[in-house]
1. Specify the residue that is farthest from the other protein chains (Cβ to nearest Cβ); the eligible residues are those in the stretch B:43-65 that are assigned to a loop (DSSP other than H, G, I, E, B) and farther than 12 Å from A:His177 by Cα.
2. Residues of the stretch A:56-65 being farther than 17 Å from A:Ile153 by Cβ and assigned to a loop (DSSP other than H, G, I, E, B), which ones?
3. Looking only at strands (runs of 3 or more DSSP E) that fall completely inside the stretch A:210-299, which ones have 3 or more residues that are of a type in the set (D, E, K, R)?
4. Every residue in the stretch A:182-218 that is among the acidic types (Asp, Glu), under 10 Å from the mean Cα position of the chain (by Cα) and more than 12 Å from chain B (Cβ to nearest Cβ), please.
5. Please state which one of A:Ser144, A:Ser75 is without any contact (Cβ under 8 Å) to a residue 40 or more places away in the chain and over 30 Å from A:Val19 (Cα atoms).
6. Out of (1) in contact with a helix residue (DSSP H, G or I) (Cβ under 9 Å, 6 or more places away or on another chain); (2) more than 13 Å from every other protein chain (Cβ to nearest Cβ); (3) part of a loop (DSSP other than H, G, I, E, B), what's the single condition that is false for B:Gly40?
7. Pick from the stretch A:203-239 the residues that are under 20 Å from A:Phe271 (Cβ atoms) and small (Gly, Ala, Ser): which of them is modelled with the lowest pLDDT?
8. For the stretch A:243-259: of the residues being small (Gly, Ala, Ser) and exposed (fewer than 14 other Cβ atoms within 10 Å of the Cβ), which is nearest to the chain's Cα centre (by Cα)?
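The values are calculated or read from the model by the stated rules, or taken from the named source; none is laboratory data. These numbers come from a predicted model, not from an experiment. Heads up, the Cβs are rebuilt from the backbone with ideal geometry, glycines too, and the neighbour counts pull from every protein chain shown.
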Amino acid sequence: MTGNVIVTHQLRMRFGRHVVLDGLDLQVPRGSIYALIGSSGAGKSTTLQILMNLLRGYQGSASVLGVECSHLSASGYARIGYVAEGQEMPDTMTAGEYLAHWRPFYPGWDVARERELLDLFRLPLDRKLKHLSRGMRMKIALASSLAYRPELILLDEPFSGLDPLVRDEFTEALLAHAEETTILISSHDLAEIESFASHVGFLDEGKLQFSEEMASLSRRFREIEVTLEAAFLPPKVPGSWVRTEAGASVVRFVETQWDGERTARAIREIFPQACEVTVRPMPLRSIFVTLAKAARKAA
Amino acid sequence: MCNHTPVIPFRVQFQPGAPLYEQVVYAAKKALLAGQLRPGDPFPSVRAMSTALKINPNTAHKVQQHLLNEGLLEVKPGIGTVVAKRPASSRAAKNELLQEELEQLVVEAKKLGLTLDEVQAALGNHWVRLDGGNGGK
């Protein structure tokens, strides 16, 4: 089955007078690893909580796996996994009891997979949850969510406060199951997810400022530097050139629709006197900054 | 069942900008031509590549397809994907893999106004320095 696993349309949510989501249109394609990026307070957790029907009172529409979120019930929950930073857990249970507690709720619970995850995570099953580190608790939460083979898994800032080793194991478990699951992962840090996310969306001021496939982002952005014999700022440049800055004999800009041949031709036309042109691929972080600035400017 | 981490027989230093998929293909080709992966050796599965390199399974799948299409890998029924038998890698093929780095070196050197002799001398120094006891082979 293809299509979108999550669809929100003009989703609005406010807490008192504070508007958190202001017309969010989010589409998460089936099979994707979708990274929802935004600073703290941008509304990422609110979005995920609405999707899980943990927060009521939204306006607009939001659906997961074809069901409107406010109607999500047990049969829906059996197909969705959810792990949130610092989520509440029954502290007096041991890790083993916690897993045993959840097992009967999920018809699809796969004991072999549960064991595989426990092995990978080296989880101490006899220890009480309150005595476990933050990383261990997150790993138990992930193991209990992956064990029933959910079609969709929502992860709310899962890496926050985890040490690099735990983060690595967490990612490994996630990727080992990524072929059969759609993953929506929220994060304030792009670097955490850039190697494995397939799609990325930027949430700011209650809206999705942009949403795109990672591969196309890195393909279409280039930082270009033109060295000239004398200072020259062209009166008009293509609309796809942004962040143009000019120094004494250097013009620098970001081409947002890079295409080797076409861009080279445009540069020759606009700077016939160029003595050198350097084209550099851009790190995702710089691409992001460029897009975020453009979005804010347009707003 | 033992709980081992699959070893990926090549390293990838991810560089910003270039598509991940191309970078992994490049690293795998280098390993193949350098003999770190020999004909008949099993090639990592999509899942093993994905989890070990922390890349999207679709990216890993694309890498595998690309190498299969180029005839560097083959599918052996019952075994999986293995490194294909092939004529000993030619010098030309090995050379090809360095083109990008060489071009970059030349560009940087020209920007700095170095001469070809100076670059060759610098290159020679590094060659000797990294050779250890290998006698320049």
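1. Among residues in the stretch B:43-65 that are assigned to a loop (DSSP other than H, G, I, E, B) and farther than 12 Å from A:His177 by Cα, the one farthest from the other protein chains (Cβ to nearest Cβ) is B:Phe43.
2. Matches in the stretch A:56-65: A:Arg56, A:Gly57, A:Tyr58.
3. A:222-228
4. Hit for the stretch A:182-218 is A:Asp189, nothing else.
5. None of the other options fit; the residue is A:Ser75.
6. Condition (1) is where B:Gly40 drops out.
7. In this case the residue turns out to be A:Ala231.
8. A:Gly247
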